[in-house]
Amino acid sequence: MLEYFGKAVYKGIVMGPVAVLKKQECAVKRAKISDEKQELERLAAAVKQAKLQLQGLYERAIKEVGEASAAIFEVHQMMLDDEDYMEAVHNMICGEKVNAEYAVAMTGDNFSEMFASMEDDYMKARAADVKDISNRVIRILSGQKDIDLNSMDPSIIIAEDLSPSETVQMDKERILAFVTIHGSANSHTAILARMMNIPALIGVPLDLEELHTGMKAVVDAFQGKVIFEPSDEVVETAAKRMQEEKEKLLLLQTLKGKENITLDGRKINVYANIGSVGDVGYVLENDAGGIGLFRSEFLYLGRDDFPSEEEQFQAYKQVVQMMAGKKVIIRTLDIGADKQVDYFNLGYEENPAMGYRAIRICLKQPEIFKTQLRALLRASVYGNLSIMYPMITSTEEVERIKEIVKGIQMELELGKIPYKIPEQGIMIETPAAVMISDELAELVDFFSIGTNDLTQYTLAVDRQNERLDEFYNAHHKAILRMIEMVVENAHKCGKWAGICGELGADLELTEQFVKMGVDELSVAPSMVLKIRKAVREIGQKETGK
């Protein structure tokens, strides 16, 4: 029995098999063979299995992230049919009398280096694809289980860390918990775990070489620990506690359909934060009043080129239609900082969190911005859509955005394309925006406070740096005072103000936010009913009930 401790970013307790995600490539040894025919048959069987895996990934990705983003898996299948690649592997097996694993590894390295040395950016990008498909075939040949996140049994994901593009491709129904070596409380892994209502531990000092896929484990995020190959006693205790938690969740289900009204009659909108079209199901399942933050950058992640206007339009249209009249607030592109996308060619930055990101990219590269805005205005016709602009620091930025929107409006009218000008708001996530929120309120329809970045920039603490977690204090008086100031300035102009950062789900602060006058709390879908319960209990002491 192995026991490790880490930091819980979403509490809960689960038990099940482990799926170990190892970033490093397969270790391959050269071996002499005597039967070339048998080795070629092994290779053919492995290639066939790899294609089946890739087809499964492709079909799943189409449903989750759309056809354009799923195309990478189709490209990988075609690469396995490439005559030059396969001929090189065959020649090495037959000519050098070596095992298929070694032949695939060497061919993969050679082709990858060849692509990487090319001047064409598209061909350079193929270098990583060749390595990926080669490693997939090697894993099959060596009998290693490929962690196919779209077809595996429900499992506890064990990894060094997870990138945004990796999480985009995951079948969320098959994840019991996350346990990672790295990551911070505000990492993408943590945000995804909270959205999905699954236990997650970060900063766990694991040795991935000691672990293997298929092991049994208990993740107890209440105590911040994970136990591998648990004893019968631990299994029995975990099963009992899991049943208790299940009963608590069933009690929360009785709040579905109820209003978010305090005991003294104040209504608070409780919305949900999501990252893709596929997450709308979680919103509906948890009975959220709307979507307070739809992270549109999922359309840009895990692909080789910009999503088209039509592709974006279809995604936004689908979300607003599925929400059937409930408010859907879509945040415009927020790429940069910890969300890097190669084809944006953002370049190296000494301090990316303070650098070229979010609205700054949109205003410096307006064609990217205009494509997204056209899609959003067109999709507004089909439901209750609002647009939210991130990382605003000045009134001048808002004025420039308004000019761009006006230009797009004229283009759509000339083209006789149906559109609607939706409600438009901004995220308050910089101290600069807080300090001029009285002026900004006159230019927009609403504020949504992004507490993750607001805390980062106010306290000068990188929220992605796990070494600084103890200094990242979202309850700092300065943060709470800023939130109160923003709400007051919004209300003075007759505008509403909400919170869409992680702090909105902090049950310790729910009552304080309500007293400040916060109009809306947008949280992970899994937190909607918990926030509803907290809101409905506010005022109990004052009324004496």
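The values are calculated or read from the model by the stated rules, or taken from the named source; none is laboratory data. None of these values were measured; they are calculated from a predicted model. Every residue, glycine among them, receives a Cβ derived from its backbone with ideal geometry; neighbour counts consider all protein chains shown. Areas reflect the complete protein model, heavy atoms only, side chains present, ligands, DNA and RNA absent. Shrake-Rupley method; radii C 1.70, N 1.55, O 1.52, S 1.80 Å.
Would you call residue 325 buried (at least 20 other Cβ atoms within 10 Å of the Cβ) and modelled with pLDDT of 90 or more? Quick ask: steps written out before the conclusion?
Working: buried (at least 20 other Cβ atoms within 10 Å of the Cβ): no; modelled with pLDDT of 90 or more: yes.
Here the answer is no, as residue 325 does not meet what is asked.
Determine if the range 214-230 includes at least one residue that is surrounded by 14 or more Cβ atoms within 10 Å (Cβ to Cβ), in contact with a Ser or Thr (Cβ under 7 Å, 6 or more places away or on another chain) and not in a loop (DSSP other than H, G, I, E, B).
Taking every residue of the range 214-230 in turn, none turns out to be surrounded by 14 or more Cβ atoms within 10 Å (Cβ to Cβ), in contact with a Ser or Thr (Cβ under 7 Å, 6 or more places away or on another chain) and not in a loop (DSSP other than H, G, I, E, B).
Looking at (1) open to solvent by 10 Å² or more (accessible area, probe 1.4 Å); (2) modelled with pLDDT under 90; (3) out of contact with any Pro (no Cβ under 8 Å at 6 or more places or on another chain), which is the one condition that is false for residue 184?
(1)
Which residues, taken from the range 243-263, are within 11 Å of residue 13 (Cβ to Cβ) and open to solvent by less than 60 Å² (accessible area, probe 1.4 Å)? Please lay out each step first, then the result.
So in the range 243-263, the residues within 11 Å of residue 13 (Cβ to Cβ) come out as 243-246.
Correct list: 245 only.
Return yes when residue 150 is modelled with pLDDT under 85 and touching a Pro at 6+ places or on another chain (Cβ under 9 Å) and no when it is not. Steps first, please.
Working: modelled with pLDDT under 85: yes; touching a Pro at 6+ places or on another chain (Cβ under 9 Å): no.
No.
Would you please name the residue that is nearest to residue 280 (Cα to Cα), looking only at residues in the range 44-72 that are modelled with pLDDT of 80 or more and open to solvent by 40 Å² or more (accessible area, probe 1.4 Å)?
Residues of the range 44-72 that are modelled with pLDDT of 80 or more, as a first pass: 44-55.
Applying the additional criterion that residues be open to solvent by 40 Å² or more (accessible area, probe 1.4 Å) yields 44-45, 48-49, 51-52, 55.
Details: 44: 41, 45: 39, 48: 35, 49: 33, 51: 30, 52: 29, 55: 25 Å.
Within the range 44-72, the match that is nearest to residue 280 (Cα to Cα) is 55.
Tell me the residue from 92, 106, 15, 86 that is at pLDDT 90 or above, within 30 Å of residue 241 (Cβ to Cβ), of a type outside the set (Ser, Thr, Tyr) and not in a loop (DSSP other than H, G, I, E, B), please.
Numbers: 92 fails: within 30 Å of residue 241 (Cβ to Cβ); 106 fails: within 30 Å of residue 241 (Cβ to Cβ); 86 fails: within 30 Å of residue 241 (Cβ to Cβ).
The unique qualifying residue is 15.
Of all residues being in contact with a Lys or Arg (Cβ under 6 Å, 6 or more places away or on another chain) and in a strand (DSSP E or B) in the range 261-291, which is farthest from residue 522 (Cα to Cα)? Just the residue, please.
Per the stated criteria, the residue is 261.
So the check is Cβ under 7 Å with 6+ separation or different chains; which pairs have a first residue in the range 247-265 that's at negative phi and a second one that's loosely packed, with under 12 Cβ neighbours inside 10 Å and assigned to a loop (DSSP other than H, G, I, E, B)?
Listed pairs, sorted by first residue: 263/545.
Of the residues in the range 350-384, how many are within 26 Å of residue 413 (Cα to Cα), open to solvent by 10 Å² or more (accessible area, probe 1.4 Å) and not aromatic (Phe, Trp, Tyr)?
So the count comes out to 13.
If you scan the range 397-415, which residues turn out to be among the aliphatic types (A, V, I, L, M) and either without any contact (Cβ under 8 Å) to a residue 24 or more places away in the chain or not in a helix (DSSP H, G or I) (or both)? Step through it out loud before you land on a result.
First, the residues of the range 397-415 that are among the aliphatic types (A, V, I, L, M): 398, 401, 404-405, 408, 410, 412, 414.
Across the range 397-415, the qualifying residues are 410, 414.
Can you tell me which residue within the range 417-438, out of those that are crowded, with 17+ Cβ neighbours inside 10 Å and assigned to a strand (DSSP E or B), is nearest to the chain's Cα centre (by Cα)?
Ranking the candidates gives 427 first.
Please go through the range 27-44 and give me each residue that is under 20 Å from residue 80 (Cβ atoms) and touching a residue at least 40 places away in the same chain (Cβ under 8 Å), ordered by number.
Kept after step one, since they are under 20 Å from residue 80 (Cβ atoms), are these residues of the range 27-44: 28, 39-44.
Those that are under 20 Å from residue 80 (Cβ atoms) and touching a residue at least 40 places away in the same chain (Cβ under 8 Å): 28, 39, 40, 42, 43.
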